[in-house]
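Asks: Could you have a look at this structure, given as structure tokens, before my questions?
The values are calculated or read from the model by the stated rules, or taken from the named source; none is laboratory data. Since the model is a prediction, treat every value here as computed from it, not as a measurement. A quick note on method: Cβ atoms are made from the backbone with ideal geometry, for glycine too, and the neighbour counts reach across all protein chains shown.
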Amino acid sequence: MNYDGLDGFLGTRASLMLDLVFLAMFLVLPVLAWSVWLVRYRRNYLLHKRVQVTLGIVLLLAVTAFEVDMRSSGWEHRAVESPYYGMWAWEAWGAVQASLAVHLVFAVSTAVLWAATIVLALRRFPRPPAPCAHSRLHVVLGRLSALDLLLTSITGWIFYWLAFTA
């Protein structure tokens with residue numbers, strides 16, 4: 001018995017999990033921006049920490065559920081109707097597949113960067129959190145993580161449109 005996954009709710013060819021992740025990124029980015037604002041302009045280090053750790057846990061659970069769904073039901077059978085699927089001369093590789101490859105570069109690097117940022121912060125910041133010797137590296141890692149997450153979102157949205165909407 002093949003599991004095809006549940007159909008999504010956005011009126012595209014995407015599955016429920018793809019729709020949920022697609023929309024979740026529209027929520028995650030403003031929360032991330034608010035968290036950065038909290039620490040940068042309000043100096044609310046504790047709330048920043050709580051928001052970031054919560055986002056990290058929520059995204060870890062969401063990505064895990066998403067990967068389980070993708071491994072069990074796949075996505076290509078839903079994308080094959082796209083005019084961008086296998087559209088290039090060698091047919092096995094099209095804009096859909098290329099956009100997924102670019103997206104995965106950002107998605108994997110975001111996971112690594114964000115995990116490193118959170119783990120190092122939990123280990124190196126005092127309790128309660130306050131500026132310290134680790135702050136400078138944390139700011140660099142945080143900015144890279146945030147930029148990477150933004151690029152993950154943008155490339156994910158492009159892939160979603162090419163594969164399931166077009």
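Asks: Restricting the first residue to the range 153-166 and requiring it to be under 15 Å from residue 76 (Cα atoms), which pairs with a second residue that is of a type in the set (Val, Ile, Thr) and in a helix (DSSP H, G or I) meet a Cβ separation below 6 Å and a spacing of at least six or different chains?
Replies: Hits for this filter: 162/96; 163/96.
Asks: Something else now. Pick from 52, 97: which is modelled with pLDDT under 90, assigned to a helix (DSSP H, G or I), under 20 Å from residue 151 (Cα atoms) and within 18 Å of the chain's Cα centre (by Cα)?
Replies: Checking each option against the conditions leaves just 97.
Asks: Pairs only if they're at least six apart or on different chains, beta carbon under 7 angstrom, first in the range 38-56 and closer than 23 Å to residue 112 by Cα, second among the hydroxyl-bearing types (Ser, Thr, Tyr); list them, first residue then second.
Replies: 39/45; 48/35; 51/35; 52/35
Asks: Consider the range 141-152. How many of its residues are within 15 Å of residue 27 (Cβ to Cβ) and touching a Phe, Trp or Tyr at 6+ places or on another chain (Cβ under 8 Å)?
Replies: 2
Asks: For the range 99-127, which positions are touching a helix residue (DSSP H, G or I) at 6+ places or on another chain (Cβ under 9 Å), more than 17 Å from residue 28 (Cβ to Cβ) and among the small types (Gly, Ala, Ser)?
Replies: 99, 116, 121
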